[in-house]
Amino acid sequence: MNNEWLLVAAAGFIYACFCVLMGVIPGSVLSNTPPLPGVRDLNAAEKHGRDIYVGEGCSYCHTQIVRPLQQDKPFGRPSVAADYAYDTPQLLGTERTGPDLSNIGVRQPSDIWQFIHLWDPRAVVHESIMPRYPWLFQVKAAAAPNDVKVPLPPGFGPSSGVVVATQDAKDLVAYLRSLKQASLTAGTPK
């Protein structure tokens, strides 16, 4: 009977050690890394957009880490720990079904493109398998003066009315546009 408890205690100790070595220490180091020049904390709208990003499960299909591989060059320079100084917990992702978003704010800086993409990804990327996010928008008979109207291509909008972005959509796009890699040499975003 004593051997069973010894085995359980040893397994628990080994598990705790692995947790500390693989989770706690890397997370602490990454969270305490000073930012690169040009890396800034998110503003209130971007932080809310980050919450929407998490809530909609965007990190299930998109990474936010550029690997030092030839195939990752279109996404930006290889990521470094200082890229994530203000991003706690980090949203690195483990799956890349869609493109990496580390530098999407530079690669796709247009709010309108992002809104169209969220309304119906196939309107801008025909072969996209990303789901639509129509609940981030409202369909109105006419746009109000302060509404952000989404100019959809023919065949992608509602049969009547106009599509306008909700505050959640605007904040999500603000977060996506904030995803810009800082230059490793010049100290300013590229």
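The values are calculated or read from the model by the stated rules, or taken from the named source; none is laboratory data. Remember, it's a predicted structure, so these values are computed and weren't measured experimentally. Methodologically, a virtual Cβ is constructed for each residue, glycine included, from the backbone with ideal geometry; neighbour enumeration extends over all protein chains shown. Please note that ligands, DNA and RNA were not included when accessible areas were found on the heavy atoms of the full protein model with its side chains. Shrake-Rupley method; radii C 1.70, N 1.55, O 1.52, S 1.80 Å.
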What's the extension gain from residue 4 to residue 167 if we count 0.36 nm per residue and subtract their Cα-Cα distance?
53.0 nm
Rounded to the nearest 0.05, what FRET efficiency is calculated for residue 106 and residue 132 with R0 set to 35 Å and r the Cβ-Cβ distance?
0.90
Which angle between 0 and 90 degrees, to the nearest 10, do you get for helix 2-19 versus the longest principal axis of the chain when only C-alpha atoms count?
40
Inter-label distance for residue 51 and residue 19, nm, one decimal - labels placed 7 Å from Cα along Cα-to-Cβ
2.8
Helix 44-55 axis, angle to the chain major axis (alpha carbon atoms, nearest 10°)
70
Once the Cα gyration tensor of the chain is diagonalised, semi-axes √(5λ) in Å
38, 22, 16
Would you mind telling me the share, in percent, of accessible area of the chain contributed by carbon and sulfur at probe 1.4 angstrom?
63
Once label points are set 7 Å from the Cα along Cα→Cβ at both residue 140 and residue 86, what is their separation, rounded to one decimal in nm?
3.0
What number comes out for the charge environment of residue 52, summing +1 per Lys or Arg and -1 per Asp or Glu over other residues with Cβ under 11 Å away?
-2
Could you tally the net charge around residue 121, taking each other residue with its Cβ under 11 Å from the Cβ of residue 121, Lys/Arg +1 and Asp/Glu -1?
0
